[in-house]
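A short reminder: the numbers here are calculations on the coordinates, not readings from a lab. As the structure is a computational prediction, the values presented were derived from the model and not from experiment. All Cβ positions, glycine included, derive from the backbone under ideal geometry; neighbour counts span all protein chains shown.
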Amino acid sequence: MMKIFNTIIMLLLSSAGALFAQHRNPLGELYASFTSSCVVMECSYTVNMSKARISGTAEVKVQDEAYQMVGNGLEVLCDGETVWTMDPVTKEVIIEEVGTESLAFMNNPALLFVNLHSAFDVRKETPSEDSIFYELISKVDCGMYGADLTVTLDGHLRRGVFSLVDGNTVIVEVRSMKQTKKESVTSFRPSSEFDSDWIVTDLR
């Protein structure tokens, strides 16, 4: 009798868990996390072009319209209005206003995360045991016609494949993702002024 009782309890719990998963909106939770917290992701990426392949790793921090991306010798900071692209080795920095045109997305891959909700519509979603696979289609001119996202049931991005209009693809593998307390917007700006040792190109 106890075994039967335990079996019934496990079946009820499994059914409740499945029902809960059906009513969750992992993609919506992913979008919401970018505004309700500071999201830090450890990523690896590959850009597949017709004659070359570029790979690298990066840490991306996203909060509202602000972001920080560090990887392959560069640091990109954006407070939502201004973008600083810095090379600390050569001491060069490019300062420019935030752009939404396709070139801006390609120059600053962090925008793929910041603007997911405004750049794409959901065309199809396919649930699995622990995640949902989303097929997205572009609704703005962002240099991409679509994207495929794998999002865990608790709203964490696991993988993204972005299809560019020129036929190339950008594959992002998210090794870890965590939500932390929101930070002051000043943390998404350079911590000090650029002195005479820096080559500054201001395009604003």
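Summary of values
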read-out: Selection from 118, 133, 201 lying farthest towards where the dipole of segment 25-202 points positive, charges on Cβ; value: 133
read-out: Dipole moment magnitude, nearest 20 debye, segment 25-202 about Cα centre, only Lys, Arg, Asp, Glu C-beta charged; value: 620 debye
read-out: Surrounding net charge for residue 124, when Lys and Arg each add one and Asp and Glu each subtract one, Cβ distance under 11 Å; value: -3
read-out: Segment 25-202 - convex hull of alpha carbons, volume per residue in Å³; value: 118 Å³
read-out: Residues 51, 61, sorted so that the one with the fewest Cβ neighbours within 10 Å comes first; value: 51, 61
